[in-house]
Amino acid sequence: MREVFDTRTDPEEVARQLRFIEEGKKITEKLNAEAGRRMKACVVTFGCQMNARDSEKLTGILANMGFEMTEDENADFVIYNTCSVRDNANQKVYGKLGVLNTYKKRNPHMKIALCGCMTQEESVIDKIQNSYPFVDLIFGTHNLYKFPEYYVYMMQKKGMFIDVWESTTKIVEDLPVIRKYPFKSGVNIMFGCDKFCTYCIVPYVRGRERSREPEEIVSEIEKLVKDGVKEVMLLGQNVNSYGKNLEKKTTFPELLRMVEQIEGLQRIRFMTPYPSDFDDDMIACMKDSKKICRHIHLPLQSGSSRILKKMNRRYTKEEFLELALKLRRELPDVAITTDIIVGFPGETKEDIDETLDVIRKVCFDNAFTFIYSKRTGTPAASMPDQVAEEDIKVWFDEVLSLVQNCAKERTALLQDRIEDVLVEDVNSHDSSLVTGRMSNNTLVHFPGDRSLIGEIVTVKLEECRGFYYLGKRL
Ligand code: SF4
């Protein structure tokens, strides 16, 4: 029987967690008084934009509980918001936990917490309990909103407090948030994934697809715009599947058209669409839109229909090509980027040649290329014919160099164009320059000062530097 999911935030649960934030504040104030200084907290984010959005919530909650936020992990409270999309992400966390323990030996009041996708793996919980007993709190992806409550429990009890759920029907947004960028924000439109690609752990750690009511998303964005946000990133593992569990069915293009109406909002981005769900109405919606950014990240993963079948990706090489070339025709100013996995079990040189063929034909504006990572619990992990490392290395380099050549070729096409750029920061290498992104996500550096941060300004693209531009503000 299909689980029935909430589609609206639960106001009682929000009120309940806000009460725990007040309790947490009293605890922090007491610690401040005892230590004669303010308690410091650090949130460390691993992985994707959905994790980055969750970390903004963790930061908002900690700051509202009276902590001074710091990027320094030698703090009084440190929380790792983990990712488990590839094994090396797990290994990185284990390595860093060892360092945290040295800080904790010097600061016995220090508390360490783990959340995010890694904690949804049973083997990880066992490993933490056995090898890292100094961790104080572990909670999962489905119950992040209970963090205030868990913080209070953790402070009241000795030993490790663990609460990881297999799934949830609840949606609880509206808790305090501190955004990394005041002028842009991620907005969760849905959670979970029902695609079950055979290499991917996400459906097992983020649960079944469940969408939020469009009205709730629109009102969240209206509040963000009032708070100075110019650009939103609509987030979901599979944004094209938006709305399937809603009583009143709303498609993703319909949601985009609603968001487009929001006054004061200047840019709309979305992450991540699924190729075979990217329909003609989506293309028409982008064509008519003044606000949807000219960038589509469309994960290919492999160009071989044989491997796509083994990956349980629901399209063939030909279908992906047909869509991508249609996008090139219908939306010529749109940048198309992608994800590619090299070394999937059973992959051969012929399969790689198929992938190279798609890259050449689409000429992606950029691509994230990954070496296949065996994830325990995914079907692909037990597939035969794991590919030899030396082959993977050769193929990966071949794919990467073709991807980079295409990206350079596409970027060079923008020479001398006049573009609107959202300024994100002062350039980290040259403080006389600022850095920003065009609508198609290309990076531009040009002379300016920090007063431009958060502004959308007009820039002439003067000098192509491979994957980015140097420009002049007009
Ligand atoms: S679509 Fe596939 S790769 Fe993407 S999150 Fe879902 S299962 Fe993972």
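The values are calculated or read from the model by the stated rules, or taken from the named source; none is laboratory data. Owing to the predicted nature of the structure, the values given are computational and were not obtained by experimental measurement. Reconstructed Cβ throughout: ideal geometry from the backbone, glycine too, with neighbour counts over all protein chains shown. Areas reflect the complete protein model, heavy atoms only, side chains present, ligands, DNA and RNA absent. Shrake-Rupley method; radii C 1.70, N 1.55, O 1.52, S 1.80 Å.
Looking only at the stretch 131-140, decide whether some residue is surrounded by fewer than 20 Cβ atoms within 10 Å (Cβ to Cβ), farther than 27 Å from GLU34 by Cα and in contact with a Leu (Cβ under 7 Å, 6 or more places away or on another chain).
yes
Would you point out the residue of the stretch 197-209, among those that are open to solvent by 20 Å² or more (accessible area, probe 1.4 Å) and under 9 Å from PRO379 (Cα atoms), that is nearest to the ligand (Cβ to nearest atom)?
CYS200
Would it be correct to say that ASP126 is without any contact (Cβ under 8 Å) to a residue 12 or more places away in the chain, acidic (Asp, Glu), open to solvent by 20 Å² or more (accessible area, probe 1.4 Å) and more than 15 Å from THR82 (Cα to Cα)?
yes
Filter the stretch 187-196 for residues that are within 16 Å of the ligand (Cβ to nearest atom), under 15 Å from the mean Cα position of the chain (by Cα) and not polar (S, T, N, Q) and give the result.
ILE189, MET190, PHE191, GLY192, CYS193
Taking the condition of being of a type in the set (S, T, N, Q), open to solvent by 30 Å² or more (accessible area, probe 1.4 Å) and modelled with pLDDT of 95 or more, how many residues in the stretch 63-90 meet it?
3
Filter the stretch 27-62 down to the residues that are over 30 Å from MET233 (Cα atoms) and of a type in the set (Val, Ile, Thr), then identify the one that is surrounded by the most Cβ atoms within 10 Å (Cβ to Cβ).
Looking at residues that are over 30 Å from MET233 (Cα atoms) and of a type in the set (Val, Ile, Thr), I get THR28.
For the stretch 303-314, give me the residue count where each residue is more than 12 Å from the ligand (Cβ to nearest atom) and not basic (Lys, Arg).
So the answer is 4.
Restricting attention to the stretch 315-338, does a residue exist that is polar (S, T, N, Q), open to solvent by less than 10 Å² (accessible area, probe 1.4 Å), under 30 Å from GLY436 (Cβ atoms) and more than 12 Å from the ligand (Cβ to nearest atom)?
The answer is yes, given that some residue of the stretch 315-338 is polar (S, T, N, Q), open to solvent by less than 10 Å² (accessible area, probe 1.4 Å), under 30 Å from GLY436 (Cβ atoms) and more than 12 Å from the ligand (Cβ to nearest atom).
State whether one or more residues within the stretch 171-178 are open to solvent by 10 Å² or more (accessible area, probe 1.4 Å) and within 16 Å of the ligand (Cβ to nearest atom).
No.
With hydrophobic (A, V, I, L, M, F, W, C) and either without any contact (Cβ under 8 Å) to a residue 24 or more places away in the chain or in contact with a helix residue (DSSP H, G or I) (Cβ under 7 Å, 6 or more places away or on another chain) (or both) as the only criterion, which of ALA35, ALA15 stands out?
Unique residue meeting the criteria: ALA15.
One residue is enough: does the stretch 315-324 have a residue meeting the conditions assigned to a helix (DSSP H, G or I) and either of a type in the set (S, T, N, Q) or in contact with a Phe, Trp or Tyr (Cβ under 8 Å, 6 or more places away or on another chain) (or both)?
Yes, the stretch 315-324 contains a residue that is assigned to a helix (DSSP H, G or I) and either of a type in the set (S, T, N, Q) or in contact with a Phe, Trp or Tyr (Cβ under 8 Å, 6 or more places away or on another chain) (or both).
For the stretch 151-163, check the following and say yes or no: at least one residue is surrounded by fewer than 19 Cβ atoms within 10 Å (Cβ to Cβ) and within 16 Å of the ligand (Cβ to nearest atom).
Scanning the stretch 151-163, I find no residue that is surrounded by fewer than 19 Cβ atoms within 10 Å (Cβ to Cβ) and within 16 Å of the ligand (Cβ to nearest atom), so the answer is no.
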